[in-house]
1. Inspect all residues belonging to segment 135-145 and state whether any of them is within 20 Å of K47 (Cα to Cα) and away from the ligand (no atom under 16 Å from the Cβ).
2. Condition check: surrounded by 12 or more Cβ atoms within 10 Å (Cβ to Cβ), closer than 29 Å to V160 by Cβ and of a type outside the set (G, A, S). Does V101 satisfy that?
3. Could you please let me know if V121 is within 16 Å of the ligand (Cβ to nearest atom), outside any helix (DSSP H, G or I), under 16 Å from the mean Cα position of the chain (by Cα) and at pLDDT 95 or above?
4. Determine whether K150 is charged (D, E, K, R), modelled with pLDDT under 95 and either away from the ligand (no atom under 16 Å from the Cβ) or touching a Cys at 6+ places or on another chain (Cβ under 6 Å) (or both).
5. Any idea which residue in segment 73-98 is surrounded by the fewest Cβ atoms within 10 Å (Cβ to Cβ), counting only those that are assigned to a helix (DSSP H, G or I) and away from the ligand (no atom under 16 Å from the Cβ)?
6. Does L34 satisfy the criteria of being among the hydrophobic types (A, V, I, L, M, F, W, C), modelled with pLDDT of 60 or more and away from the ligand (no atom under 16 Å from the Cβ)?
7. Give me a count of the residues in segment 97-156 that are basic (K, R) and under 17 Å from T76 (Cβ atoms).
8. Exactly one of these conditions fails for E145: (1) under 23 Å from L62 (Cβ atoms); (2) modelled with pLDDT under 95. Give me its number.
Amino acid sequence: MAFHRTASDRTRAKRCDVGNSKRPAPGPRREDYLSHRSWTMAQVRSKNTKPEMAVRKAAHALGLRFRLHRKDLPGTPDLVFPARQTAVFVHGCFWHRHDCVRATTPGSNVDYWEAKFDRNVRRDAHNVADLRKLGWRCVRIWECETKDVKKLAGLLRQKVAAKSLRIRK
Ligand SMILES: [Zn+2]
């Protein structure tokens, strides 16, 4: 399993794309996902994930206008609300280390995983700092916060729409 430690994310993502069914590294188990496709998507942490779609749907229902994946902004935020100068990241609890039950650490290759998680967390902090410097408000929504539609709407109302709601009162 030595190559797993050295393979770059990109190489591993590609390997997933071409349908190699071998697990790139021990992480969330394939059985944990509903289908091979959703498992593969989670491995490459691609766009348009289920949690992301839930956030879009909730934002849309609240009448908030947003744009997706602005590549010209640090970290390519998942959603951007230009009228509120707010960038939203929808983060997987496992990959981005939410303080919740989903953020397990695999029992083997612990060094590999800890280094990887550390890189992810640092990158996230860096992106937020860069965005703030550019005048953006940043909001992070965790995967586990997207399961309950009502709670998610409340969260968006509070974190994204708060400004306009205050004006309306
Ligand atoms: Zn979580």
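1. Scanning segment 135-145 turns up at least one residue that is within 20 Å of K47 (Cα to Cα) and away from the ligand (no atom under 16 Å from the Cβ).
2. No, not satisfied.
3. no
4. Taking the combined requirement at face value, the residue does not satisfy it.
5. It comes out as A83.
6. no
7. Number satisfying all stated conditions: 7.
8. It is condition (2) that E145 fails.
The values are calculated or read from the model by the stated rules, or taken from the named source; none is laboratory data. None of the values given here were measured: they were computed from a predicted structure. Methodologically, a virtual Cβ is constructed for each residue, glycine included, from the backbone with ideal geometry; neighbour enumeration extends over all protein chains shown.
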